[in-house]
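The values are calculated or read from the model by the stated rules, or taken from the named source; none is laboratory data. This one's a predicted model, so the numbers in the text were calculated from it and none came from an experiment. Virtual Cβ from ideal backbone geometry, glycine too; neighbours counted across all protein chains shown. Accessible surface is based on the protein model in full, side chains and every heavy atom, while ligands, DNA and RNA are left aside. Shrake-Rupley method; radii C 1.70, N 1.55, O 1.52, S 1.80 Å.
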Amino acid sequence: MNSDSEILSLFRSGDRDKAFSLLVDSYKERLYWHIRRFTCSHEDTDDLLQETFVKIWSALPGFREDSRLFTWIYRIATNEALNFLRKKKARTMFSQVPIEDILYRKIDEDPYFNGNELQRELHKAIQKLPPRQKAVFNMRYFEEMSYDDISEILGTSAGSLKASYHHAYKKIREELEKIF
């Protein structure tokens, strides 16, 4: 039995503490890095990760298995991250500093970042992408998800996701070519 079916089985049988522990153990690291690629901040990611688990847990009784638990969980996490960025952008709209500059600074100042200069610039280039392209690129490139899985998560056709990934790849490549 995989962890998703075990989570659902435990939840439905009433062993909710064990179901919650298994849910968190199975997804905390993957969701942390998924959200972190949007926020560029350990502190913001920790907060969003907690909010994401609260939303998942409170919505789990209504999960109808129209999709797989994995893609449903990622849809919630992705929406949380995109909503966070939208709110942050709205708060900075009237400020002198654009949201992208704030995110670049977070990448540069991140004490947990352990990549080289190329990786740092890659993350900055990704931040320049529109939110949906950023989501597609991150899920495909870093998490190596299939277009079918991304399609379930974002509710978009696999064909349009392939085009979106291609455009994102091109933009990132152009940004990196300017630097290197």
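Angle of helix 99-109 to the longest C-alpha principal axis of the chain, folded into 0 to 90 degrees and rounded to 10: 90°.
Are any of the pairs LYS28/LYS89; LYS106/LYS162; LYS89/LYS124; LYS88/LYS178; LYS128/LYS178 more than 20 Å apart by Cα-Cα distance, and if so, which? With Cα atoms farther than 20 Å apart: LYS28/LYS89; LYS106/LYS162; LYS88/LYS178. In a simple Cβ point-charge model (Lys, Arg +1; Asp, Glu -1; nothing else charged), the chain has a dipole of about 680 debye relative to its Cα centre. Rounded to the nearest 10 degrees, the inclination of helix 42-59 to the longest alpha-carbon principal axis of the chain is 30 degrees. The structure shown yields Kirkwood radius over Cα pairs in Å, and of the options (i) 16.3; (ii) 18.1; (iii) 17.4 that calculated value carries the label (iii).
The gain in end-to-end length when the SER67 to VAL97 segment is fully stretched comes to 6.8 nm, 0.36 nm per residue minus the alpha carbon separation.
Each label point was placed 7 Å from the Cα along the Cα-to-Cβ direction; for LYS87 and LYS162 their separation is 3.7 nm. For segment 50-180, the residue among SER58, SER95, PHE142 whose Cα projects farthest onto the positive side of the dipole built from Cβ charges is SER95.
Please list, by residue number, everything in segment 47-80 whose backbone N is under 19 Å from a paramagnetic label point 7 Å out along Cα→Cβ of ARG16. Within reach of a label on ARG16: 50-65. Entry comment: accessible area of segment 4-53 is 49 Å² per residue, from protein heavy atoms only and a probe of 1.4 Å. Springs between Cα atoms under 10 Å define the GNM used for the chain, and in it the highest mean-square fluctuation of ALA135, ALA163, ALA125 occurs at ALA163. Loop sites here are GluC sites (Glu not before Pro) outside DSSP states H, G, I, E and B with no more than 10 other Cβ atoms within 10 Å. The longest part of the chain free of them is 66-143.
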